[in-house]
Amino acid sequence: MSNQHHCKIVLVNTSHPGNIGATARAMKNMGLSSLTLVNPVDFPSGVSVGRAASALDVLEQADVVETLGEAIADCTLVIGSSARSRSLPWPMLTPEQTAAKIVTECQQAQVALVFGREDSGLNNEELQLCHYHVQIPASDQYRSLNLAAAVMVLCYEIRKAVLRDNEEPGCVEEEYWDQEKASIEQVEHFYDHLERVLVEIDFHDRDNPRQLMQRMRRLFGRIRIDAMELNILRGILTNIEHKIPGPDD
Ligand code: SAH
């Protein structure tokens, strides 16, 4: 079981209070609550309160400190997010690897995910306080995300990793779907029925099949139809059959 309270999001020297509020909201949406602000330019602010919406508790409980060193002093794993690679190559993680490491590590220890300034990111000294760097693989045309958007992307990766770990019920379609999936046997009967009707209405010619039934199989195979949906389709086919004039009509 992971412990997301042990994962703190650290924003360094943020200029825009709106980004602080939007970060709090993204964190709460994704199940995180521990926010540390390093030397924010404008905090507290009504703008961050507005952008936090129902994540006000995250803002109110945020720690405010002077330096990144203070913010991460109690952490055993620190990952810095950066839009560009720096002159000195550093161990890099993908967003997925970052989330997996954080979720594993925060079971016993404090971990931090660090974000830089809107205009200049994290400086070299700050980046070198981090064990790893993570880069979101954004477009070559424009690599730098809005700060709160970058927080959201990485918090969502953490969320996905937590859900995978906990295998929360309700995530796996088999667990929440209201109907059983149709069995192979039921679907085969449906294909027979469908083919029969398509022949009867002169849509399908068994002597010149043109892959029609293979394409129908591929279509229904892709959606993994459930037993109720299959019954409805069988009912529709039966009604169509009843409407087809017999030889004596
Ligand atoms: N112009 C700055 C970008 C700052 S964006 C620079 O070149 O570094 C503000 C912060 O959002 C960054 O410090 C980083 O923490 C995060 N961020 C933005 N885009 C990112 C990306 N593609 N990958 C990882 N982090 C990113």
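Throughout, read-outs are computed from the coordinates displayed, never taken from laboratory work. All values reported here derive from a predicted model rather than from experimental measurement. Note that we place each Cβ from the backbone using ideal geometry, even for glycine, and neighbour counts take in every protein chain shown.
Numerical summary
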| quantity | calculated |
| --- | --- |
| Stokes-Einstein D (µm²/s) once Rh is taken as the Kirkwood radius of the range 122-249 over alpha-carbon pairs, at 37 °C in 0.692 mPa s | 162 |
| Burial ordering of Phe43, Phe115, Phe190, fewest other beta-carbon atoms within 10 Å first | Phe43, Phe190, Phe115 |
| Relative contact order %, the range 108-249, counting alpha carbon pairs below 8 Å whose residues are six or more apart | 21 |
| Efficiency of FRET from Cβ geometry, Arg215 and Ala149, R₀ 25 Å, rounded to 0.05 | 0.05 |
| Span from the the range 185-231 Cα centroid across to the the range 27-78 one, whole angstrom | 57 |
| DSSP bridge pairs, the chain: antiparallel proportion in percent, nearest 5 | 10 |
| Likely footprinting exposure, Lys160, Lys28, Lys8, fewest C-beta neighbours within 10 Å first | Lys160, Lys28, Lys8 |
| Estimated FRET transfer efficiency (Arg206, Ile232; beta-carbon r; R0 22 Å; 0.05) | 0.30 |
| The chain, helix-only ellipticity at 222 nm - DSSP H runs n ≥ 4, -39,500 (n - 2.57), divided by all residues, nearest 500 | -13500 deg cm²/dmol |
| Note, ³J(HN,Hα) from phi for the range 50-58, Karplus 6.51, -1.76, 1.60, rounded to Hz, x at Gly and Pro | x, 6, 6, 6, 7, 10, 4, 4, 5 |
| His189 paired with Asn29, simple spin-label distance in nm, labels 7 Å along Cα-to-beta-carbon | 4.6 |
| Backbone HN-Hα couplings from phi across the range 4-14 [Karplus 6.51/-1.76/1.60, Hz, Gly and Pro as x] | 5, 5, 7, 10, 9, 9, 10, 10, 9, 6, 5 |
| Phi-based couplings in Hz for the range 73-81 (Karplus 6.51, -1.76, 1.60; Gly and Pro marked x) | 4, 8, 9, 9, 9, 10, 10, x, 9 |
| The range 4-173: C-alpha gyration tensor shape, a/c 1.5 cut-off, then a/b vs b/c | rounded |
| Estimated FRET transfer efficiency (Glu96, Asp119; beta-carbon r; R0 30 Å; 0.05) | 0.60 |
| Whole-number percent relative contact order across the range 177-243, with pairs defined as alpha carbons under 8 Å at least 6 apart | 55 |
| Crossing angle, helix 17-29 versus the chain [Cα axis fit, 0-90 degrees, rounded to tens] | 50 |
| Residues Ile184, Ile136, Ile9, Ile244 arranged by fewest to most Cβ contacts within 10 Å | Ile184, Ile244, Ile136, Ile9 |
| Distant-in-sequence amide H partners of Leu77 (H built 1.01 Å from N, under 5 Å) | Ala112 |
| Under 5 Å, built H, 5+ apart or other chain: amide partners of Arg117 | Leu122 |
| Net length gained if the chain between Glu167 and Lys243 were fully extended (0.36 nm per residue, minus Cα distance) | 22.5 nm |
| Long-range amide H partners of Val64 with built H, under 5 Å | Leu37 |
